[in-house]
Structure formats: C-alpha cells, structure tokens
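Have a look at the structure below, then the notes.
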Amino acid sequence: MESKATVPAQSVRYLVSAVEKQGCDITPLLSEVGLSRADVEGSQGISVYRYGLLYQRIMQMMDDESFCILSGGKMPKGSFRMMCLCILHSKNLAQALKRCSDFYEICRGPTIKPIVVKKGRFAKVTFAPVESLESSAEISLDKAFESRERVRTTLSMWHHFISWLIGRRLVLKAAYFTTPRPDDVEYYQTLFQSDVKFSQHGNALVFPSSYLDMPLVQSEDSLRSFLKTAPYQLLVMVDNDNSLKSRIISILGKDFSQEMLSAEEVASMLNMSVSTMRRRLTDEDTSFQQIKDECRKEAAITYINAPQLSFNEIAALMGFEEPSAFYRSFKKWTGMTPGEYRKHADYQTLK
C-alpha cells in the first residue's frame, strides 16, 4: 500500500547504472528496499517511496550525499544537513543561495558549486568551479556535465529545494541544458513547467529575480522532518503527461507544512483565469479541490510508509496544528487510522 507517485524507470536505471559503474553490487540494496532487477528493467515507474529508500541506501553505501548530483567530488554524510543549518536563518532567498555557494567552497569535496546570477528582472541558478580549485575544476566540470540524466536530476532537485525553502513553488521562466535536444522533451516540460532550451552555454534554472527577496519559511524543526524523508521532497513527483491536473500537482508540490496555494494563486501561475482553470479541470473529470485532496493523501501515505517518522511529525509535515485533526482526515482518506494503515503496510511488505 504505497503512494501512487512514481519516478520514471529511466531515472531508476540511471541510478543503478551509476552504482554499478563504481564496481558495486546493487542487488542486495534492491532487495533491501523491496525492488528486483525486473522492476528496474521494466517500463513502469518506481514508487517515489521505494526510489527514495534506494537513493538513501546508495548515498550511505557510497558515503557521498552528492551521488548522481553535480558536484565534481564527494560530499560526506551530514554535509547537506550542515548546509541547511547554515542557510536557514538567512534574511532572504538570495542570501541563502549565496551561503550555499560559500558552503560548497569550504566543504572539501565538491569542485563545482551552485551560483546565482542576477540580470534585471530575471535571475538564474547555475554552476561554476570552486574558486580555490579553479585550475583543475574545469576538468571536473566537463566530466560532471557528461550525463544528461545527472544534469536533469540536479536541476530538478535544486528547483524543489529552493521551492521548499520559500514554502511555494519557484515558477520558472526557463530551464537551460548544455546537452542536445533529447527524445523525451515532453518529460522535461512536465518536470520544470517552463520553457526548456537545449544546446545552451550552461545548465541553469531561470526565474523572476523577485523570488530572491522572499524570506525563508523553514525552521530547524521542519528541517528535521525534511531530512528524515529526504530525498522525497526533492524528487520527481508529477505524472509524465501534459494534463492540466499534472501541471497543478507540480505547482502544489509535496510540502504541506505551509498553507496551500489558493485556486487564484495557482491559476495566476498558469497564466489563466480561475474560471478557465476550473472549466478545463471539469473537462478532465476532476476539480481543484479534488487535486488538493489527492495531493495531501498521496503525501500522507508516503510519510506513513516512512517508519522513522512519528505520527505527530507527519501531522506537522501535513500542516495540521493538532494531530487529532490529521487522524480524522487520514481515516476519511483511507478508511483506516494512521496506525492501522502502517501496520497493514508492514504486513503487506512481509508477505
């Protein structure tokens, strides 16, 4: 009994291939998280929950939190947590991203770092060599960019991370890639919900510079819960289609600890009126409220499947001030209490 949110099979195969290229046997890890080689080689996507578990195990085994992410070097266990602690009290997103770049400079592992470039009404997050290693970093930079999948995963994770920091989706103007135009352009467009350009001079996320002035809404308490489920909230969590429903799910994201966006706010991000959005959703046999309920249900089920999270922590992640309110909502969604659902999920796993 898992969340229906999936990660494309090609992304899973890339992750497995990256491990095997390091000379490691991934079969035991697959078995440990309830996956088989047939699951990986199939055409169906893998649940976000199991993919997240696999990713966690791989990072632990490789002792590298930047595994399959652009860095040009290793980031030891605990690096991401310390970077988050360094930036949480920044006055705005611009300062937070500057501190991320500074952290990469002194991390003693990466040879490239994320940087922010602001030009007029727009800004971009891209990558540059670590200054202290600039003479040798160009080689690492070229090598890091050799994988199309790695670049896409990196930009997607940074996109979701920035969105988590400010408590709302970072609406992009464009996503740039140095790689040639791939066959699955539609997937890129669904993932980034923006103009996507290839054969560019750099890999970057481009967005209105006004976002840089936004305050960070996360705290050390919300960070603890975030880390327990990482990289769940940083992964692909939209269906591979171009429906309006899929686009709205992408905008709503999976962080419900903050107040959810209103229909008016979402419609504005989609550059359409609320009435037009509601009419088009009716044509797709759904509604904005149904989508919100489905998103919360999917997220709740994923969190319930993470035994390291207490029910009180899950309630907070879901934006409920009182755990009792979460219990009532969860039973309404699934017909079971959180405890019953987790017990049943554990039983199904053992069968």
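The values are calculated or read from the model by the stated rules, or taken from the named source; none is laboratory data. Predicted model, so just to flag it, every value in this text is computed and none were measured. Note: ideal-geometry Cβ built from the backbone for every residue, glycine included; neighbour counts use all protein chains shown. The area values use the complete protein model at the heavy-atom level, side chains included, leaving out ligands, DNA and RNA. Shrake-Rupley method; radii C 1.70, N 1.55, O 1.52, S 1.80 Å.
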>> Given (1) more than 18 Å from the chain's Cα centre (by Cα); (2) open to solvent by 10 Å² or more (accessible area, probe 1.4 Å); (3) farther than 23 Å from GLN218 by Cα, identify the lone condition not met by MET59.
In response: (1)
> Restricting the first residue to the range 72-92 and requiring it to be under 21 Å from HIS160 (Cβ atoms), which pairs with a second residue that is among the aromatic types (Phe, Trp, Tyr) and assigned to a loop (DSSP other than H, G, I, E, B) meet a Cβ separation below 9 Å and a spacing of at least six or different chains?
Replying inline: MET75/PHE67
> Pick from GLU105, GLU65: which is within 25 Å of ASN305 (Cα to Cα) and either assigned to a helix (DSSP H, G or I) or in contact with a helix residue (DSSP H, G or I) (Cβ under 8 Å, 6 or more places away or on another chain) (or both)?
Replying inline: GLU65
> Residue check: is THR286 farther than 29 Å from ARG50 by Cα and out of contact with any Phe, Trp or Tyr (no Cβ under 8 Å at 6 or more places or on another chain)?
Replying inline: no
> Restricting the search to the range 328-351, which residues are more than 14 Å from LYS297 (Cβ to Cβ), in contact with a Phe, Trp or Tyr (Cβ under 9 Å, 6 or more places away or on another chain) and modelled with pLDDT of 90 or more?
Replying inline: THR337, GLY339
> Just checking, which of LEU223, LEU309, LEU205 is under 24 Å from LEU88 (Cβ atoms), in contact with a Cys (Cβ under 6 Å, 6 or more places away or on another chain) and open to solvent by less than 10 Å² (accessible area, probe 1.4 Å)?
Replying inline: LEU223
>> Looking at the range 304-332, I want the residues that are in contact (Cβ under 8 Å) with a residue 12 or more places away in the chain and in a helix (DSSP H, G or I) and have a partner that is open to solvent by 30 Å² or more (accessible area, probe 1.4 Å) and of a type in the set (Gly, Ala, Ser) with Cβ atoms under 7 Å, at least 6 apart or on another chain. Which pairs are those?
In response: ALA316/SER257; LEU317/SER257
> Out of the range 74-92, which residues are open to solvent by less than 20 Å² (accessible area, probe 1.4 Å), at pLDDT below 85 and touching a helix residue (DSSP H, G or I) at 6+ places or on another chain (Cβ under 8 Å)?
Replying inline: none
> Can you name every residue in the range 25-35 that is surrounded by 14 or more Cβ atoms within 10 Å (Cβ to Cβ) and under 17 Å from ASP63 (Cβ atoms)?
Replying inline: ILE26, LEU29
> If you check GLN60, GLN44, GLN95, which single one turns out to be under 28 Å from TYR14 (Cβ atoms) and in a helix (DSSP H, G or I)?
Replying inline: GLN60
> Out of VAL40, VAL12, which single residue is of a type in the set (Val, Ile, Thr) and crowded, with 20+ Cβ neighbours inside 10 Å?
Replying inline: VAL12
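Yes/no matrix, rows are residues, columns are (1) farther than 14 Å from LEU252 by Cβ; (2) open to solvent by 40 Å² or more (accessible area, probe 1.4 Å); (3) of a type in the set (A, V, I, L, M, F, W, C):
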{"site": "ARG279", "(1), (2), (3)": "yes, yes, no"}
{"site": "GLN289", "(1), (2), (3)": "no, yes, no"}
{"site": "GLU294", "(1), (2), (3)": "no, yes, no"}
{"site": "PHE320", "(1), (2), (3)": "yes, no, yes"}
> Do we find a residue being among the acidic types (Asp, Glu) and at pLDDT 85 or above anywhere in the range 250-260?
Replying inline: no
